[in-house]
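In what follows, a structure is listed as structure tokens, so that the remarks can point back to it.
Computed from the coordinates by the stated procedures, all read-outs in this text should not be read as laboratory data. Note that the structure is predicted; figures quoted are calculated from it, not measured. Positions of Cβ are backbone-derived with ideal geometry, glycine not excepted, and every protein chain shown enters the neighbour counts.
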Amino acid sequence: MNEMMNYEVVWPLGRRASALATPTTRVADLSGKTVCELWDLLFRGEEIFPLIREELSKLYPGIKFVDYSNFGNTHGANQTELVAALPKILEQHGCDAVISGIGA
């Protein structure tokens, strides 16, 4: 039993796949702004997004929303293509801010 045992070890933290990005500055006031909704079509977004719209509309006069149905499933079969195209799509919709909902 004096023989040394060797084991392969897997490190739980994988290598970083991309560089860290600096977040953009938050929109200070959503009044009169356009907020776009992104959703992966999981976990009650059809219930939650209307509630968020209702509450934000009470707080910010003139706020506009672009419904998640305009963008497609952010976690579906075309996820890679959709996410790559999002900057252009969001710009086309005049998005000032985004709410991205994901399933829990």
Residues with amide H under 5 Å from that of V98, placed H, sequence gap 5 or more: C36
Total formal charge among the other residues, if their Cβ is under 11 angstrom from that of H93, Lys/Arg +1 and Asp/Glu -1: -2
Folded to 0 to 90 degrees: helix 45-59 orientation relative to the chain principal axis, Cα: 50 degrees
Rounded tilt (10° steps) of 79-92 against the dominant C-alpha axis of the chain: 30 degrees
Per-residue [θ]222 nm for the chain (sum of -39500 (n - 2.57) over DSSP H runs n ≥ 4, rounded to 500): -9000 deg cm²/dmol
Two-site FRET efficiency, L56 against E81, from Cβ-Cβ distance with R₀ of 25 Å, rounded to 0.05: 0.25
Contact order relative to length of the chain, as percent, for alpha carbon pairs under 8 angstrom and 6 or more apart: 41 percent
Backbone HN-Hα couplings from phi across the range 22-34 [Karplus 6.51/-1.76/1.60, Hz, Gly and Pro as x]: 7, x, 6, 5, 5, 6, 5, 9, 7, 4, x, 8, 9
From the coordinates shown, mean projected area of the Cα convex hull in nm² corresponds to which of [x] 11.2; [y] 5.9; [z] 7.2: [x]
Pairwise label distance in nanometres, D67 with A19, each label 7 Å out on the Cα-Cβ vector: 4.0 nm
Cα-based reach from K88 at 26 Å (exclusive), listing lysines while leaving out same-chain residues under 8 positions away: K33, K64
Charge sum, other residues only, whose C-beta stays under 11 Å from W39's C-beta, Lys/Arg counted +1 and Asp/Glu -1: -3
